[in-house]
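What follows is a single structure, written as structure tokens, with notes after it.
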Amino acid sequence: MNADFVRAIAQLAKEKHISPDVLYSAVEEALITAYKKNFGSAQNVRVSMNKETGEIHVYARKTIVEEVTDPHTEISLEEAAKLNPNYQTGDIVEEEVTPKNFGRIAAQNAKQVIVQRIREAERGMVYEKYSDRENDIVTGTVQRIEGHNVFIDLGTAEGTLLPNEQIPNETYEYHERIKCYVVEVKKTTKGPQIILSRTHPGLLKRLFELEVAEIQDGTVVIDSVAREPGMRSKIAVHSTNANVDPVGACVGPKGMRVQTIVDELGGEKIDIVKYSESPEEYVANALSPSKVISAAADKDKKICRVIVPDYQLSLAIGKEGQNARLAAKLTGWKIDIKSETQAREDANMAENAEEDKQEE
């Protein structure tokens, strides 16, 4: 060990953004192991390394006892007193036992341990960085595709896009830049595993937060998000400022803001609706683009019964029930949709049944 070694540690610490003390501690631990392996496994030793010159000293540590049972780790009070009359039982005596050729052995062991400790420190930093970004959005490039798993290069780490977190029918090209949602960061023996998603509702929410300045400053608030990834989404918003239209702010001039998000999600259609404290109004808004004639909410059963024009029934329900299903997810209400004709017929049937009952 010499001054060059010390400078190398300082340079490594700077490049890897690791405290030099972490590396010095690792080196000292490695040297203790090396000494015990090569010069005396039974001894209790301490290694000291000068952080300026790289000079190494090894000290055997012995505990002062009344009666010695293990001469490798213990020393009698009588023997200790010869070294220093102030020693007492229980004190630790250190004696330098640095071997002449220890530097070469030390260097070999230190190199291996430093590499390992740097790897551990880097993994730790990656975990800390990305565990703080759970439920946040990250941008990366497609690095490789193995089976159905897509691996995303995030710059300082690699994220995994599992099959169930991929938008159906979305294809990924090598080196393509995409935005993903950080679902979870796990600690594993091979380092942190970052689970990403393109299907999570949180991705849509974060994309709007990035794109809409009024959401960033708190003027517009996102209340709820419902997604069927790759197909259609609904997002409910309200404004804290009466002069700001929350839907208009999210749509943007000539629809540019929402179109940017649609493009990022591969053409997924997005309905932006106005949130309301009134369940009837909220459900009616959520059924957009369908128009609603009337809505009645049963708060006990949390069902909202909605009447729509005859020609808009299929639009309100949506293809395979998608529009109604998303509206229910968005609002948290069960929605019973009927056309004007159906509602009229039901009302007539109920009226006739009541008349028959009275006649009886």
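The values are calculated or read from the model by the stated rules, or taken from the named source; none is laboratory data. It should be emphasised that the depicted structure is a prediction, and the values quoted were computed from it without experimental measurement. Please note: Cβ atoms are built from the backbone with ideal geometry, for glycine as well, and neighbour counts cover all protein chains shown.
Report yes if some residue within region 28-44 is without any contact (Cβ under 8 Å) to a residue 60 or more places away in the chain and either in contact with a helix residue (DSSP H, G or I) (Cβ under 6 Å, 6 or more places away or on another chain) or of a type in the set (F, W, Y) (or both); otherwise report no. No, region 28-44 has no match at all. The set of residues from region 134-162 being surrounded by 15 or more Cβ atoms within 10 Å (Cβ to Cβ) and modelled with pLDDT under 90 comprises just one member, A157.
For region 101-115, state whether one or more residues are exposed (fewer than 13 other Cβ atoms within 10 Å of the Cβ) and modelled with pLDDT of 80 or more. Checked against the condition, which is being exposed (fewer than 13 other Cβ atoms within 10 Å of the Cβ) and modelled with pLDDT of 80 or more, region 101-115 yields no hits at all. When A295, A316, A284 are screened for being in contact with a Leu (Cβ under 6 Å, 6 or more places away or on another chain), outside the structural domain of M231 (by TED's automatic domain parsing) and crowded, with 20+ Cβ neighbours inside 10 Å, only A316 passes.
Among the residues of region 321-352, those identified as polar (S, T, N, Q) and either buried (at least 17 other Cβ atoms within 10 Å of the Cβ) or within 31 Å of the chain's Cα centre (by Cα) (or both) are Q322, N323, T331, S339.
Name the one entry in L203, L196 that is in a strand (DSSP E or B) and either at pLDDT 90 or above or basic (K, R) (or both).
After applying the criteria, what remains is L196.
This table checks each residue for (1) among the hydrophobic types (A, V, I, L, M, F, W, C); (2) without any contact (Cβ under 8 Å) to a residue 40 or more places away in the chain; (3) assigned to a helix (DSSP H, G or I).
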site: P85; (1), (2), (3): no, yes, no
site: Q88; (1), (2), (3): no, yes, no
site: K100; (1), (2), (3): no, yes, no
site: E122; (1), (2), (3): no, no, yes
site: K129; (1), (2), (3): no, yes, yes
site: R144; (1), (2), (3): no, yes, no
site: T171; (1), (2), (3): no, yes, no
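Screening region 27-45 for residues that are among the hydrophobic types (A, V, I, L, M, F, W, C) and outside any helix (DSSP H, G or I) and picking the one that is modelled with the lowest pLDDT gives A42.
Taking the conditions exactly as written (charged (D, E, K, R) and under 30 Å from Y172 (Cβ atoms)), does E228 satisfy them or not? Yes, satisfied. None of V58, V142, V126 is touching a Pro at 6+ places or on another chain (Cβ under 9 Å) and under 30 Å from Q193 (Cβ atoms) except V126.
Scanning region 224-247 for any residue that is in a helix (DSSP H, G or I) and farther than 20 Å from L315 by Cβ turns up at least one such residue. Within region 35-74, can you find the residues that are within 43 Å of the chain's Cα centre (by Cα) and acidic (D, E)? The answer is E52, and nothing else.
None of E94, E52 is closer than 30 Å to P20 by Cβ and out of contact with any strand residue (DSSP E or B) (no Cβ under 9 Å at 6 or more places or on another chain) except E52. For region 171-225, a residue qualifies if it is among the β-branched types (V, I, T) and touching a Cys at 6+ places or on another chain (Cβ under 6 Å), and exactly one does: V212.
Every listed requirement among (1) touching a residue at least 60 places away in the same chain (Cβ under 8 Å); (2) over 17 Å from E280 (Cβ atoms); (3) among the aliphatic types (A, V, I, L, M) is met by L330 save one, (2).
Can you confirm whether I215 is in the same structural domain as L265 (by TED's automatic domain parsing) and not in a loop (DSSP other than H, G, I, E, B)? Yes: the conditions hold for I215.
Counting only residues that are among the acidic types (D, E) and out of contact with any strand residue (DSSP E or B) (no Cβ under 6 Å at 6 or more places or on another chain), which one in region 72-91 is nearest to R61 (Cα to Cα)? Only one residue fits best here, namely E79. Quick check on V251: is it surrounded by 18 or more Cβ atoms within 10 Å (Cβ to Cβ) and without any contact (Cβ under 8 Å) to a residue 60 or more places away in the chain? No.
Of everything in region 282-309 that is in a loop (DSSP other than H, G, I, E, B) and polar (S, T, N, Q), the residue that is farthest from V225 (Cα to Cα) is S290.
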